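Data first, discussion second: the structure below is written as structure tokens.
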Amino acid sequence: MILVTGGAGFIGSHTCVELLNKDHEIVIADNLVNSKIASVEAIKQITGKSCLFYELDINDEDGLRALFRSHDITSVIHFAGLKSVGESCKFPHRYYSNNVGGTLTLLKIMREFSCKSMVFSSSATVYGRDNDPPFTESMPTSATNPYGWTKVIQEQILVDQAKADPEMRIALLRYFNPVGAHPSGLIGEDPVGIPNNLVPYICKVALGRLPYLNVYGNDYDTVDGTGVRDYIHVVDLAKGHIEAMKYLDNNRGVLTVNLGTGIGYSVLELVDAYSRASGKEIPVRFMPRRSGDIATSYANAEKACELLGWKAELGIEDMCRDSWNYAQKKM
Ligand code: NAD
Ligand code: UFG
């Protein structure tokens, strides 16, 4: 059985759907700090399959131990973590404690039960600001904020753990910018309050709930001066986890791999695509650069293709269409 921590969240719920579609048995552990139980119901509705759910904080050592005692957990897909860059700057201790502390507790319990396989949600944020895109996995890592440092540190912990135990199988998946939603419109990303990330913000503007999009910076050295990112459809991303798990079945040690499309779009290009998909005007207002942002981020996506046989299939139109479908149904 596969333990999915954070499985009620945005990327986790989409991955649970793909796992169930492939007939894997799963148990979700999520404390619902940034998600709702409704997404677990939606996972069941989409797949027509059942999955177990525990409302559990991964920092709760006894709770995790009880879960491992009740189920034969052979591998873990570890999404659970806090992910707001801005919040991490205000409350760094909360981020280190939840994310790094949570991973340490999880590893401790995995060791107790001889569970040796983990797929970990890392991020393109670990490329920091000193590398030139396209980012390749061998580049040095760093971060510009506490959230990013929790990812750098968690990667290091997992690498060291695998060095100490040659039986371990770890995949560090560096996600680029996950967007979109399941085509059913039943699961997607709906952050609480005013969104920080671009696509959820655009959704609210398209829905008429916010008047315009603030575009942070139009003086970058990019195609139109606005920031460029590698947006990846969350369903493609979810499928990448299935391929990473298959890879770990046959390979020990640490796999570090980018999950991106290899293509960058500017903020204005994305706004344009979203406007076409939704048929809504998305007014924009240019603002100063957002602190900590880099001009351009996109993946070299070759390693995932070579080692996992995985590449993103869905394009920016699919991302905008599915995001808009979800926004209209659920936001
Ligand atoms: P999300 O917030 O939707 O999902 C994370 C889930 O983890 C939530 O359901 C939350 O309730 C749960 N959680 C948090 N702390 C927990 C704890 N201590 N115990 C149990 N559950 C806990 O976020 P997401 O976008 O689905 O991200 C999933 C993972 O991918 C995170 O680790 C995130 O840092 C990473 N990631 C996300 C992005 C992105 O842009 N969305 C990019 C790169 C990496
Ligand atoms: N942007 C705007 N206006 C907004 C929000 C964003 O112009 O209201 C711009 C940003 O300046 C940036 C681009 O849109 O150029 C994308 O910004 P996001 O906040 O959507 O995404 P980031 O690339 O800043 O970061 C995201 C996650 C990080 C993660 C990173 C890489 O928030 O946690 O992707 O995966 F590490």
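Please treat every number below as a calculation from the coordinates, not as lab data. Not measured: the values here are computed from a predicted model. Methodologically, a virtual Cβ is constructed for each residue, glycine included, from the backbone with ideal geometry; neighbour enumeration extends over all protein chains shown.
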Cα-based helix-to-principal-axis angle, 102-112 vs the chain, degrees rounded to 10: 20 degrees
Give the aspartates and glutamates reachable from residue 280 as a straight Cα distance under 12 Å; neighbours fewer than 8 places away on the same chain don't count. 272
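If Lys and Arg each add +1 and Asp and Glu each add -1, what is the summed charge of the other residues whose beta carbon sits under 14 Å from the beta carbon of residue 191? Display every interim value, and only then the final one.
Values: positive: 36, 83, 204, 209, 330; negative: 87, 189, 190.
Net local charge, residue 191 excluded: +2.
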Give me the Debye-computed log₁₀ of I(q)/I(0) at q = 0.11, 0.12 Å⁻¹ for the chain, equal point scatterers on Cα only, no solvent, two decimals. -0.67, -0.81
Suppose we flag GluC sites (Glu not before Pro) only when DSSP calls them loop and at most 15 other Cβ atoms lie within 10 Å. Which is the longest uninterrupted stretch of the chain? 26-166
Geometric extent, Cα atoms of the stretch 87-127 - Rg, Dmax (angstrom): 12.8, 37
Please determine, in degrees from 0 to 90 and to the nearest 10, the orientation of helix 316-330 with respect to the longest principal axis defined by the Cα atoms of the chain, where the helix direction is its Cα long axis. 80 degrees
Calculate how steeply helix 267-278 sits against the longest principal axis of the alpha-carbon atoms of the chain, using the helix alpha-carbon long axis, and give the answer as 0 to 90 degrees to the nearest 10. 90 degrees
Amide H neighbours of residue 284 under 5 Å, counting only residues 5+ apart in sequence or on other chains, H built in-plane at 1.01 Å? 213
